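What follows is a set of notes on a single structure, which appears directly below.
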Amino acid sequence: MNKFWERVGFIYARVAIGAAFLSAVAARFGLWSGAVDMSHFSGFIKYTGEVNSFLPASVIPFMAWAATISETGCGLLLIAGLWPRWVALASAALLALFGTAMAISFGIKSPMDYSVFSASSGALLLSIRSCRK
């Protein structure tokens, strides 16, 4: 019975983290508001600049696209269950970097309020669990 719940928990975490990544990407393009267009993404570029306030402005569009591509890839691969160890590890690193940038730019309360480090630690546990298979 323990193995059953372990498996359920593993799948649940994988799908939850993957769906969270994809939900964030969907919002960047206006999918949740029903108005899909690039004007929403320009708002995300602005937010990326705020989160990464310590970086030069010239790299912010690249960072916004890199985050979007990374989150889309990690989200899809986590849900599909492909390369779970490496994708979960990449997801943990991506979330840790995001949380750290939020903490630097907005203070530690911001990533704590949005459970960024909790999600990162969950993804790290997924990568460890994937090694034991």
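May I ask you to derive the relative contact order of the chain, considering only C-alpha pairs under 8 Å and at least 6 residues apart, and to give it as an integer percent? If you can, show how the numbers build up before the last one.
Working: 136 pairs, mean separation 36.3, N = 133.
With pairs under 8 Å counted, the relative contact order is 27 percent.
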> Most mobile of Ala80, Ala90, Ala35 per a Gaussian network model of the chain (Cα springs, under 10 Å)?
Replying inline: Ala35
> Please identify the chymotrypsin sites (Phe, Trp or Tyr not before Pro) of segment 40-86 that satisfy two criteria: DSSP loop assignment and at most 12 other Cβ atoms within 10 Å. Which are they?
Replying inline: Phe54
> How much length is gained on full extension from Arg7 to Leu55, taking 0.36 nm per residue of separation minus their Cα-Cα distance?
Replying inline: 13.2 nm
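Can you give me the Kirkwood hydrodynamic radius for the chain, using every pair of distinct Cα atoms, in Å to one decimal? Display every interim value, and only then the final one.
Values: mean 1/r = 0.0645 Å⁻¹.
Averaging 1/r across every pair of different Cα atoms and inverting gives 15.5 Å.
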>> Residue by residue through segment 46-57, what is 3J(HN,Hα) from phi via Karplus (6.51 cos²θ - 1.76 cosθ + 1.60, θ = phi - 60°)? Round to whole Hz and write x for glycine and proline.
In response: 4, 4, 4, x, 5, 5, 9, 4, 8, 9, x, 4
> For the chain, modelled as a Gaussian network with Cα springs under 10 Å, which listed residue fluctuates most, Val15, Val87, Val59?
Replying inline: Val59
> Once you list every other residue whose beta carbon is under 15 Å from the beta carbon of Gly122, what net charge do they have if Lys and Arg are +1 and Asp and Glu are -1?
Replying inline: +2
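None of the figures in this text is laboratory data; all of them are computed from the coordinates on show. Note that this is a predicted model, so its numbers are computed, not measured. Glycine gets a Cβ as well: all are built from the backbone with ideal geometry, and neighbour counts include every protein chain shown.
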